[in-house]
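Below is one structure, written out as structure tokens; the observations come after it.
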Amino acid sequence: MRAKSGSPARPRRPTRATHRRQPSRATLERRPASFPDVAARVLATLRSAPVVSGERLSVDIHVSRTAIWKHVERLRALGYRIDAERTRGYRLRAVPDRLLAVEIERLLDTERFGRHIVYFSETDSTNVQATRLAQAGAPEGTLVVAERQTRGRGRLGRSWVSPAHVSLYASFVLRPTLAPADAPQIGLAAAVAVARALAPLAPGKVAIKWPNDCLLDGRKVAGILTEMDAEIDRVHSVVLGIGVNLNTSARAFPPELRATATSVQLVTGRKVDRVAFTAALCGALEAVYDRLLREGFGALVAEWNAYSCLTGREVTVECAGQRTGGRVRGLDARGRLVLDGPRGEEHIVAGDVTLVGGCCALRTGAKSNDG
Ligand code: BTN
């Protein structure tokens, strides 16, 4: 449960009085949770003063007092703590630790990212749901979030361990004006955005491991999975899936991941406000994505290299059963990993990197939360 006023890291923004309508979801397996417009307005009014009378709510929102009571009950069922004080009215005491659209929206500072949110308390994979929404015409920046994934997907066919209510599982629908061959740059750019969002929570501890893993203290804290719907020369849509271990306890990771995976809370000892983090991530993503489309990946290379834990290190890279190796120079302007190898300079497009002789983190198993 989060306190009503939130942490200092959560600046208040003007509350949006309306809740966006979601597109047709006829094709979805499970209906995402909806948040009625009136409930959003009741909530906004309750936030505007310490105590608000039923009479005032009813006049301001133009619904009967019985309807107000029903919506207060709905909010309580979602986990909002609302006291009813007999002579004075309703008092919002605490908001639930849930990634509800109405909570994320009020902190957003973006034009497109997160301006349309689809929330699941549970789903198979937010990437699967976002892909369906993309095919159904969802606008760019549409965000799918879930409290828990039952079949979270990682890179290279791995799974992504996704326990409930502790982390962020998010997928964005994008419609980039990039050539299909350059689409992997979106994942690289997104890693910079994740690093930017994590940096204030764990200053000096954030690193990126090519292509787009984020590490804290050398262990994997976030992973990115981009999936593309394209023709040979045209991208229809990209789904950018991001998993960030925020408040995951060591016990919530399966034993085989405990040495290589971590969460922000495990590293810093402080619980992360997941809503504030999600809104901050939307802002960081929109900034890097717009820059990528406007100026090209070259404009982000210096920042990517500054976060990289691989520069100057000896690595091996595996891709589709092929193995190569060498000393990492950095990224080139197209996002390829540049190696000084036995055959001279190599530019690697895709693969799985392992450091020769240890850390960033060790690679084990078929789950992807590890580094
Ligand atoms: C990796 O292997 O490092 C990528 C992991 C990506 C996980 C995220 S969680 C949200 C989105 N939905 C998924 O099923 N996967 C991505």
Exercise. Find the Rg to Rh ratio for the chain, where Rh is the Kirkwood radius over alpha-carbon pairs and Rg uses the same atoms.
Key: 1.01
Quiz item: Can you list residues whose amide H is under 5 Å from Val161's amide H, if they're 5+ apart or on another chain and H is modeled 1.01 Å from N?
Solution: Ser368, Asn369
Exercise. Just the Kirkwood number for the range 223-371, please: inverse of mean 1/r across all distinct Cα pairs, in Å, one decimal.
Key: 17.7 Å
Practice problem: With everything on Cα atoms, drop me the angle between helix 37-47 and the longest principal axis of the chain, reported from 0 to 90° to the nearest 10. | Solution: 80 degrees
Quiz prompt | Beta bridges per DSSP with both ends in the chain, % antiparallel, nearest 5 | solution = 90 percent
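When the gyration tensor of the range 33-80 is built from Cα positions, what are the square roots of 5 times its three eigenvalues, in whole Å, from largest to smallest?
Calculated on Cα positions only, the semi-axes equal 16, 12, 9 Å.
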Quiz prompt | From phi via Karplus (6.51, -1.76, 1.60), per-residue ³J(HN,Hα) for the range 178-185 in Hz, x at Gly/Pro | solution = 10, 6, x, 5, 8, 4, x, 4
Quiz item: Highest GNM mean-square fluctuation, the chain, Cα pairs closer than 10 Å: which of Ala320, Ala199, Ala222?
Solution: Ala320
Practice problem: Step through the residues of the range 210-218 one at a time and calculate ³J(HN,Hα) from phi using the Karplus curve (6.51 cos²θ - 1.76 cosθ + 1.60, θ = phi - 60°), rounding each to whole Hz and writing x for Gly and Pro. | Solution: 3, x, 8, 7, 10, 10, 10, 6, x
Quiz item: In whole percent, how big is the carbon plus sulfur part of the accessible area of the chain, probe 1.4 Å, protein atoms only?
Solution: 51 percent
Practice problem: Using only Cα atoms, tell me the angle between helix 274-295 and the longest principal axis of the chain; keep it within 0 to 90° and round to the nearest 10. | Solution: 50 degrees
Quiz item: Okay, helix-only estimate at 222 nm for the chain: each DSSP H run of n ≥ 4 adds -39500 (n - 2.57), divide by all residues, round to 500 deg cm²/dmol; what do you get?
Solution: -8000 deg cm²/dmol
Quiz item: What does the accessible area per residue of the range 113-200 come to in Å², with a 1.4 Å probe and no ligands, DNA or RNA counted?
Solution: 29 Å²
Quiz item: Hey, what do the phi angles of the range 304-313 turn into as Karplus ³J(HN,Hα) couplings, whole Hz, using 6.51/-1.76/1.60 and θ = phi - 60°, x for Gly and Pro?
Solution: 4, 5, 5, 8, 5, 8, 9, 4, x, 9
Quiz prompt | Degrees, to the nearest 10: 65-77 long Cα axis against longest axis of the chain | solution = 30 degrees
Quiz item: What share of the DSSP beta bridges in the range 165-296 is antiparallel, in percent to the nearest 5?
Solution: 95 percent
Practice problem: Taking H placed 1.01 Å from N in the peptide plane, check which residues at least 5 places from Ile117 or on another chain put their amide H under 5 Å from its amide H. | Solution: Leu143
Self-check item: Solvent accessible area, Å² - Tyr307, 1.4 Å probe, full protein context
Solution: 50 Å²
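The values are calculated or read from the model by the stated rules, or taken from the named source; none is laboratory data. The shown structure was predicted, so the numbers you read here are calculated from the model rather than taken from an experiment. Just so you know, the surface numbers come from the protein's heavy atoms only, side chains and all, with ligands and any DNA or RNA stripped out. Shrake-Rupley method; radii C 1.70, N 1.55, O 1.52, S 1.80 Å.
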